[in-house]
Amino acid sequence: MDLSIIVPTFNEGPNVDELLRRLGSALDGRVFEVVFVDDSTDDTPAVIAAAAASAPFPVRLIHRETATAGLGGAVVEGFRAATSRWCLVMDGDLQHPPEDVPRMIARAERGDVDVVVASRYASGGTSTGLADATRTAVSRVSTSLTKAMFPRKLAGCSDPMTGFFLLDTDAVDLDALRPRGFKILLEILARRQLRIGEVPFDFAQRFAGDSKATFTQGVRFLTQLAMLRFGRMSAFALVGGFGAIANLVIMWGLIRLGVDYLPAAVAASAITIITNFFLLEYLVFADMRSESGRMWSRFAKSTTFNGLEAVVRIPVMSILVEGAHIPAVLAAALTLIAAFVLRFMFHALVVYAPRGAGRPASEPETAAAVSPGHTLEP
Ligand code: GDD
Ligand code: MN
């Protein structure tokens with residue numbers, strides 16, 4: 001089997017030589033290439049280039065100027081650039097031991113699977129390399145939650161969150177993937193039923209450098225889950241629901257501080273409108289940003305819509321409170337729910353519309369920028 005090894009890297013310079021050395025000896029006698037997909041802000045690309053010059057096997061470097069979709073986006077870019085149909089994905093920090101790769105290849109060569117997952121949680125595997133008890137607990141809980149949400153597709157997989165796997169890229173529709181953040185294997189497995197094989201492995205300690213996992217990655221993961229399972233609207237609803245609760249809490253707090261309910265509602269709305277925009281930008285519509293024009297113009301559209309919505313909603317709320325004698329916070333809740341559907345449609349169809357969509361053909365350069373596979377559903 002010809003093999004392309006895809007290694008996403010973000011500031012992993014001190015690990016590069018050791019990784020290539022160990023891959024070289026583990027895969028001695030086989031045909032393979034290593035493709036680094038790098039988003040580093042330090043000298044990692046130079047380190048990789050130097051190592052490539054002296055490596056006894058092909059080492060390629062794709063350095064991305066914009067780190068679109070982070071780790072997951074880098075891996076997909078690696079799949080596209082790979083010369084082999086079978087691609088092995090592994091981290092660049094040696095937490096995924098190169099010595100396990102031959103066992104993964106042997107499993108794939110039995111010919112009955114589309115993907116071989118190196119699992120920390122299969123019997124015989126360990127996750128001792130996870131930083132601490134919190135990381136371990138988060139990993140366990142999120143693995144169970146994920147498996148519960150995709151009981152059939154993930155039935156054969158004990159570790160859908162691993163970043164160490166061997167994939168037949170012919171079994172996957174790369175254009176259908178919407179990578180965001182760290183969990184690219186989950187994105188692949190949740191889209192299409194694949195035949196999964198597993199080999200246990202020991203998740204090792206990092207060789208050098210620091211982990212890039214952050215709280216933000218955790219939030220991205222939850223959004224990814226919601227979008228994979230229920231579509232974009234549910235992620236939008238999640239953000240909207242969070243905004244609505246924040247809105248009510250702020251309003252309640254201000255009323256408690258003695259502010260009249262109308263100015264309290266105005267202030268609460270202004271704060272949530274702005275936070276809501278950034279949550280939509282970085283979570284719900286992250287994959288559509290690059291094709292939908294400038295951020296300030298989306299900001300203007302989004303906040304104008306939500307501002308107008310609030311301008312209409314607040315008098316309606318006042319009618320409900322004064323006229324129908326509904327408690328102020330309940331009236332706010334009712335009007336927030338009513339506004340939700342309208343808001344989703346406006347954002348999905350207008351704010352994040354690919355640039356040039358629906359414009360007259362006299363703007364060829366923007367019309368051409370619309371990618372064919374670009375639909376609203378992930
Ligand atoms: N190109 C690119 N762009 N690479 C990235 C980025 C990015 O934005 N962020 C992280 N990486 C690279 C790192 O350089 C490393 O090679 C690999 O992705 C994993 O990142 P770590 O910072 O080492 O993350 P981790 O150890 O917390 O997470 C690993 O373990 C998880 C299981 O707990 C990863 O393998 C995850 O995929 C895996 O799910
Ligand atoms: Mn790591």
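The values are calculated or read from the model by the stated rules, or taken from the named source; none is laboratory data. All of these numbers come straight from a predicted model, not from anything done at the bench. Note: ideal-geometry Cβ built from the backbone for every residue, glycine included; neighbour counts use all protein chains shown. What goes into the accessible areas is simple: the full protein's heavy atoms, side chains included, and nothing from ligands, DNA or RNA. Shrake-Rupley method; radii C 1.70, N 1.55, O 1.52, S 1.80 Å.
Of note:
- Nitroxide proxy distance, nm - points 7 Å out along Cα→Cβ at T216 and S297: 2.5 nm
- Angle between the chain longest axis and helix 16-26 axis [Cα atoms, degrees, rounded to 10]: 50 degrees
- Hypothetical label at V312: residues of segment 318-343 whose amide nitrogen lies under 18 Å (7 Å Cα-Cβ projection): 318-320, 332-343
- Relative to the longest principal axis of the Cα atoms of the chain, the long axis of helix 295-322 makes an angle of roughly 40 degrees.
- Computed from the C-beta positions of V141 and V259 and an R0 of 51 Å, the FRET efficiency is 0.80 to the nearest 0.05.
- Of all accessible heavy-atom area on segment 1-145, the percent that carbon and sulfur account for (1.4 Å): 53 percent
- Of the listed residues F10, F36, F215, F346, the order by accessible area with a 1.4 Å probe, largest first, is F215, F10, F346, F36.
- Overall, the chain carries a charge dipole of about 1140 debye about its Cα centre when +1 sits on the Cβ of Lys and Arg and -1 on the Cβ of Asp and Glu, all other atoms neutral.
- Think of each Lys and Arg Cβ as +1 and each Asp and Glu Cβ as -1; about the Cα centre, that makes the dipole of segment 231-351 roughly 200 debye.
- Links that overshoot a 21 Å alpha carbon limit, given the list K183/K301; K153/K183; K147/K183: K183/K301
- Three-way shape label, segment 166-248, alpha-carbon gyration tensor, a/c 1.5: oblate
- Net lengthening on full extension, F344/I245 (0.36 nm per residue, minus Cα-Cα): 33.9 nm
- The separation of segment 117-160 from segment 1-39, counted between C-alpha centres, amounts to 25 Å.
- GNM top mover of A324, A69, A213 - the chain, alpha-carbon springs below 10 Å: A324
- Secondary structure note: in the chain, about 25% of the DSSP beta bridges are antiparallel.
- C-alpha long axis of helix 133-149 to longest principal axis of the chain, angle in °: 80 degrees
- Stretched out straight at 0.36 nm per residue, the stretch from A324 to A267 would grow longer than its current Cα-Cα span by 18.2 nm.
- Inter-part distance where segment 318-351 and segment 207-275 are each reduced to a Cα centre, Å: 17 Å
- Overall, segment 3-211 carries a charge dipole of about 860 debye about its Cα centre when +1 sits on the Cβ of Lys and Arg and -1 on the Cβ of Asp and Glu, all other atoms neutral.
- Computed from the Cβ-Cβ distance with R0 of 35 Å, the FRET efficiency linking A26 to T66 stands at 0.60.
- Residue-averaged 222 nm ellipticity for the chain, from DSSP H runs of 4+ at -39500 (n - 2.57), nearest 500: -15500 deg cm²/dmol
- Among M345, M90, M251, residue whose mean-square fluctuation peaks in a GNM of the chain (springs only between Cα atoms under 10 Å): M345
- Across the options I250, V311, A300, the greatest Cα extent toward the positive end of the charge dipole of segment 231-351 (unit charges at beta carbon of Lys, Arg, Asp, Glu) belongs to A300.
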